[in-house]
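A short write-up of the structure that comes next.
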Amino acid sequence: MFRRRITSEGLSHHSYVLADGGEAVVIDPRRDVDVYLHLADEQGFRIRWVLETHRNEDYVVGSTALAAATDAGILHGAGLPFGYGEPVREGDTIGVGSLRFRALETPGHTDESLTWAMSDTDAADEPVFAFTGDALFVGDVGRTDLYGPEEEERLARTLHRSLFEKILPLGDWVVLQPAHGGGSVCGGAISERDLSTLGFERRHNPSLLADGAAFVERQRAQRQVRPPYFRRMERWNLEGPPIELAPPRLVPLALDRFEGLREEGVRVIDTRMPQAFGGAHVPGSINVWLGGLTAYLSWVAAPDEPIVLVLPERADVEAVARTLFRIGYDRVEGHLQGGFEAWQNAGRPVESTATVDVASLPRLLEREEAVVLDVRKPDEWEGGSLPGARRIFVGDLPRHLGELPRDRLVISMCSVGHRGGIGASLLQAAGFERVANFLGGLTAWKAAGHPVDGRG
């Protein structure tokens, strides 16, 4: 048996390739399917089946592209009217070599969610792997808020039944193979640990230790954000996305071409770290650090909106192109050739954004010269914030600009300064003249021994 897990960095998405007898199954493939094609050539197998666990929300699924390249069959849940593939029902089975994959209908995260239980019949008929999609993670369970608050209780109860009546009874020895790992927006507290079994999760996963009513309340109490690009992913992954096997090249833009696009109104996204952005940047640009593109870009630029990038020095341009391709950003016009240094060395205008540190902030607050804006996610506010801080999630900030003073310094704050940089750049681009980013954020504030306010 051949097995390979392929993780998409930034999304924390896991796809899986399993092969035996010269044929393979790919589970939840990502959009840039060249990785699976290269693996098939390298290992000498044919991709026979593409299995989906659910309609994914956080990335463009590669099922149709992989099927187009290999003539593989696509199987998915029956709970949605997919525009491609074939639906399966409880107990349906497919195989490659000695490997058998049995479909379990495990709704809750979404109505069409499946778990694929895999057995190696050369050893036993009992399952060895459970590919649970977003129903069960290491240390957490799937979100149940994606259909809106009116459906959340129903989905939470349904997920509880799926977990305790379908997934956990597969056996304590079964190895858990979820669709996402730590850092994914598809769960609130997914562990960074990669390996687990159903038995370990049954004993130690906090969500699974709650009884039915407590489980539902725990799910409903979560305050997770839903990035706007999810809406496009849901539509594309239902109908079938545009078929491309690999991302297009992210082209370098000469200075004049970059400036021309900027003057036409194309949004400039500066992906450098907030310290570098604060020092100097292209006027009007928005700062989304490179590692935050998947989670935060869609809050400041829509997937169908043309954008241009300013990249850090020595950035992996191909990796950036793949990241944006995976989340459906197909209108990236290119990146500034030579980066910000080329812009400044050509004598073009620059702006800077003030920064404050943990030593200077208390003095500013004592003199009432500043207001602190906590732009973290709502679930993070539960652990407290700076006393008196205003709380507006960075993704909601453009809709709440009128609530902020323009006659005082507005200090954007998050946990360490990355999202604070997004917030400060949004304010500056909206015309706020007195803006700063709190470097170190709440982490530095606590480390210095300063107090935080209460929870909630």
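The values are calculated or read from the model by the stated rules, or taken from the named source; none is laboratory data. These figures come from a predicted structure and were not determined experimentally. All Cβ positions, glycine included, derive from the backbone under ideal geometry; neighbour counts span all protein chains shown. Side chains are part of the model used for accessible areas, which takes the heavy atoms of the whole protein and leaves out ligands, DNA and RNA. Shrake-Rupley method; radii C 1.70, N 1.55, O 1.52, S 1.80 Å.
Some notes on this structure:
- Set ARG406, ARG363, ARG391: member being under 25 Å from PHE277 (Cα atoms), of a type outside the set (A, V, I, L, M), free of Cβ contacts under 8 Å to residues at least 40 places away in the same chain and in contact with a strand residue (DSSP E or B) (Cβ under 6 Å, 6 or more places away or on another chain): ARG391
- Residue selected from region 381-416 under the condition of a type in the set (D, E, K, R) and out of contact with any Phe, Trp or Tyr (no Cβ under 9 Å at 6 or more places or on another chain), by the criterion modelled with the lowest pLDDT: GLU382
- Of the criteria (1) out of contact with any helix residue (DSSP H, G or I) (no Cβ under 6 Å at 6 or more places or on another chain); (2) among the hydrophobic types (A, V, I, L, M, F, W, C); (3) over 30 Å from LEU51 (Cβ atoms), which one TRP289 fails: (1)
- Out of ILE190, ILE167, sole residue that is part of a loop (DSSP other than H, G, I, E, B) and among the β-branched types (Val, Ile, Thr): ILE190
- The numbered conditions (1) in a loop (DSSP other than H, G, I, E, B); (2) closer than 18 Å to GLY291 by Cα; (3) open to solvent by less than 30 Å² (accessible area, probe 1.4 Å); (4) not aliphatic (A, V, I, L, M) are all true for GLY395 except (1).
- Taken over region 84-109, the criterion of being part of a loop (DSSP other than H, G, I, E, B) and either open to solvent by 60 Å² or more (accessible area, probe 1.4 Å) or among the hydroxyl-bearing types (Ser, Thr, Tyr) (or both) is satisfied by TYR84, ARG89, GLU90, ASP92, SER98, THR106.
- Members of region 133-164 that are in contact with a helix residue (DSSP H, G or I) (Cβ under 9 Å, 6 or more places away or on another chain) and in a strand (DSSP E or B): LEU136, PHE137, ASP140, VAL141
- Positions within region 41-63 being open to solvent by 10 Å² or more (accessible area, probe 1.4 Å) and touching a residue at least 40 places away in the same chain (Cβ under 8 Å), in sequence order: GLN43, PHE45, ARG48, TRP49, ARG55
- Restricting region 44-74 to residues that are in contact with a helix residue (DSSP H, G or I) (Cβ under 9 Å, 6 or more places away or on another chain) and aromatic (Phe, Trp, Tyr) leaves a set whose member that is farthest from ARG30 (Cα to Cα) is PHE45.
- Scan of region 18-40 for residues that are open to solvent by 30 Å² or more (accessible area, probe 1.4 Å) and of a type in the set (Asp, Glu), ordered by number: ASP20, GLU23
One line per residue, one yes/no per condition, for (1) open to solvent by less than 30 Å² (accessible area, probe 1.4 Å); (2) over 28 Å from ASP34 (Cα atoms); (3) part of a helix (DSSP H, G or I):
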| residue | (1), (2), (3) |
| --- | --- |
| ARG257 | no, yes, yes |
| VAL268 | yes, yes, no |
| ALA276 | no, yes, yes |
| GLY284 | no, yes, no |
| TYR296 | yes, no, yes |
| TRP299 | no, yes, yes |
| PRO303 | yes, no, no |
| ARG314 | no, no, no |
| VAL320 | yes, no, yes |
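- When residues of region 370-385 are limited to those that are in a loop (DSSP other than H, G, I, E, B) and within 25 Å of ALA276 (Cα to Cα), the one most open to solvent (accessible area, probe 1.4 Å): LYS377
- Residues that are of a type in the set (D, E, K, R) and under 15 Å from THR443 (Cβ atoms), drawn from region 356-376: ASP357, ASP374, ARG376
- One residue stands out among those in region 323-346 that are closer than 20 Å to PRO306 by Cβ and open to solvent by 40 Å² or more (accessible area, probe 1.4 Å): the one that is farthest from the chain's Cα centre (by Cα), which is GLN337.
- For region 34-64, the set of residues classified as touching a Leu at 6+ places or on another chain (Cβ under 8 Å), closer than 24 Å to ASP20 by Cβ and either part of a helix (DSSP H, G or I) or at pLDDT below 95 (or both) consists of ASP34, TYR36, LEU37, listed by residue number.
- Matching option when the condition is in contact with a Pro (Cβ under 7 Å, 6 or more places away or on another chain), of a type outside the set (Lys, Arg) and crowded, with 20+ Cβ neighbours inside 10 Å, among LEU155, LEU66: LEU66
- Filtered residue count, region 197-244, keeping only those that are open to solvent by less than 90 Å² (accessible area, probe 1.4 Å), of a type in the set (Asp, Glu) and assigned to a helix (DSSP H, G or I): 2
- Selected residue (only one of ARG326, ARG367 is within 16 Å of ARG434 (Cα to Cα) and among the basic types (Lys, Arg)): ARG367
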